[in-house]
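A short reminder: the numbers here are calculations on the coordinates, not readings from a lab. As the structure is a computational prediction, the values presented were derived from the model and not from experiment.
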Amino acid sequence: MTFIDFIIFFIIILILVLFGIRKRGILSSFTGGKLDEYLNRWEVYAPQSYQKIRATNDIQIIAEKTGFSQVKIAKIKEHIFFKEHQLDDGIRLFDPDPDIADAWFR
């Protein structure tokens, strides 16, 4: 990981913390009728949200709301939604995550 990758990673984590994102254990979502809602968020909502985010020019608005520069927001958006990464199963985009989509829309 290069220094720039570390800085981008740090900024992403900072934004997620500022927006109140919290990781939940998978088992906590598997109760009663919650399973369908949980799977829908991952299989339908997240991919559709990522498509909307990629198609939207929202960098200036987010920069104004967060106080970060437009350059930083553009780098973060590029890193999360457009750049392919070396993952365990090859080089590809990150899988859509509904919590990240929610944070981006806030």
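Structure data summary
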{"quantity": "Relative contact order of the range 56-106, pairs being alpha-carbon contacts under 8 Å that are 6 or more residues apart, as %", "calculated": "19 percent"}
{"quantity": "Convex hull of the range 42-106 built on C-alpha atoms - directionally averaged projected area, nm²", "calculated": "4.5 nm²"}
{"quantity": "Residues whose placed amide H lies under 5 Å from that of LEU93, excluding near-sequence neighbours", "calculated": "HIS85"}
{"quantity": "Set of aspartates and glutamates with alpha-carbon distance to LYS75 below 16 Å, sequence-local pairs under 8 removed", "calculated": "ASP5, ASP58, GLU64, GLU84"}
{"quantity": "³J(HN,Hα) computed for each position of the range 40-50 - Karplus, 6.51 cos²θ - 1.76 cosθ + 1.60, integer Hz, glycine/proline x", "calculated": "4, 4, 7, 8, 10, 4, 4, x, 5, 5, 4"}
